[in-house]
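In what follows, a single structure is set out as structure tokens and then discussed.
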Amino acid sequence: MDAADWDRKYEGRELVYGEAPNATLVEVATTLKRGRALDLASGQGRNAIWLATRGWTVDAVDFSSVALTKASRVAASAPRSVRERLTWVHADVTQLSTEPNYDLVLMFYLHLPPDERRTAVSTAVSALKPDGILMILGHHTANIESGIGGPQEAEILYTPEDLASDIGSRLTVLTAENRYRDVTGGTAIDALLLASRSPLGSKRDRG
Ligand SMILES: C[S@@+](CC[C@H](N)C(=O)[O-])C[C@H]1O[C@@H](n2cnc3c(N)ncnc32)[C@H](O)[C@@H]1O
């Protein structure tokens, strides 16, 4: 789907993915010291806004202007201090150049053909500070056969091993595993990768 397709999808409904943050993000981010985060393919901002309410400063990037308009509308009801920590960036993540400024980089449910996915992963890797954490979550390839929902084109789905292979030796893998989500009608299967540049992995235990 290109940006126009996503704009149409977001125009149809108020909040396609709801307002609540992703549960795996909540689980992981609550173990991290807050800092600066980059949310690649941020959609309508559910994760970026939640991070900002927890004190993170967040740059949220998406190529759908409709999604970003809705995200800033949702954020408008947040306290001013939260809004001031959020920056909405209209850009294609496969053409983004980033500086290594971020403590946490998210890429959630971004499903692209493998070459483009690898480009986006490289962008994410290059945005990390030396001890930053990369968190990628998306619909698992096995979701077509054994799960529920999500895109039904195998080419744009992935496994944790695909993601680990995408980052190669640039980062240390902290977690590469399947995640299971109870949804209406069954259980969805996700692929999760957590990785860090630092071999010790991080700020995760520093509170
Ligand atoms: C399934 S939604 C996920 C949104 C958000 N990460 C979440 O979990 O709620 C996928 C998002 O990726 C965005 N997207 C797809 N390809 C993109 C690209 N090349 N550059 C920037 N955004 C992209 C779409 O506009 C859409 O908002």
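Readers should treat all values here as calculations from the given coordinates under stated rules, not as data from a laboratory. Nothing here was measured: the structure is a model prediction, and the numbers come from that model. Cβ sites come from the backbone with ideal geometry, for glycine too, and all protein chains shown count toward neighbours.
Going from the residue with the fewest nearby Cβ atoms within 10 Å to the one with the most, D166, D92 rank D92, D166. Reported to the nearest whole Å, the Cα centre-to-centre distance from the range 99-140 to the range 52-75 is 17.
Comparing mean-square fluctuations of L194, L96, L38 from a GNM of the chain with C-alpha springs under 10 Å, the top value falls on L96. Residue-wise HN-Hα couplings along the range 41-51, as the Karplus relation 6.51 cos²θ - 1.76 cosθ + 1.60 with θ = phi - 60° gives them from phi, are 6, 6, x, 8, x, 4, 7, 4, 5, 4, 4 Hz; Gly and Pro carry x. Each of T57, T98 has some number of other Cβ atoms within 10 Å of its Cβ, and from fewest to most they run T57, T98. DSSP beta bridges fully contained in the chain are about 45 percent antiparallel. Counting neighbouring Cβ atoms within 10 Å and putting the fewest first, the residues S97, S169, S64 line up as S169, S97, S64.
Can you tally the lysine pairs in the chain where the Cα-Cα distance is under 19 Å and the two residues are eight or more apart, or on different chains? Don't skip to the answer; put the middle values down first.
On the way: K9/K70; K33/K129; K33/K203; K129/K203.
Count of close lysine pairs: 4.
The E145 and D5 beta-carbon pair, evaluated with R₀ = 35 Å, returns a calculated FRET efficiency of approximately 0.90. Going 7 Å from the Cα of T175 in the Cα-to-Cβ direction, what parts of the range 31-54 have a backbone nitrogen less than 11 Å from that spot? 31-32, by backbone N distance to the label point.
Of the three principal axes defined by the Cα atoms of the range 38-135, the extents in descending order read 39, 31, 19 Å. Volume per residue for the chain equals 112 cubic angstrom (convex hull of Cα atoms).
Overall size of the range 95-137 from C-alpha positions, given as principal axis extents largest first: 28, 20, 11 Å.
What does the extension gain come out to for E153 and T30, with contour length at 0.36 nm per residue minus their alpha carbon separation?
Numbers: separation 123, 0.36 × 123 = 44.28 nm, distance 3.30 nm.
My answer for the length gained is 41.0 nm.
Using the empirical formula 2.2 N^0.38 Å as the baseline, the Cα radius of gyration of the range 90-207 reaches a ratio of 1.07. Modelled label positions at V16 and A76, each set 7 Å beyond Cα in the direction of Cβ, lie 2.1 nm from each other. If you take all other residues with their beta carbon under 15 Å from the beta carbon of T94, and give Lys and Arg +1 and Asp and Glu -1, the sum is -4.
Using the rule -39500 (n - 2.57) for each DSSP H run of four or more residues, divided by the residues of the chain, the 222 nm mean residue ellipticity is -8500 deg cm²/dmol.
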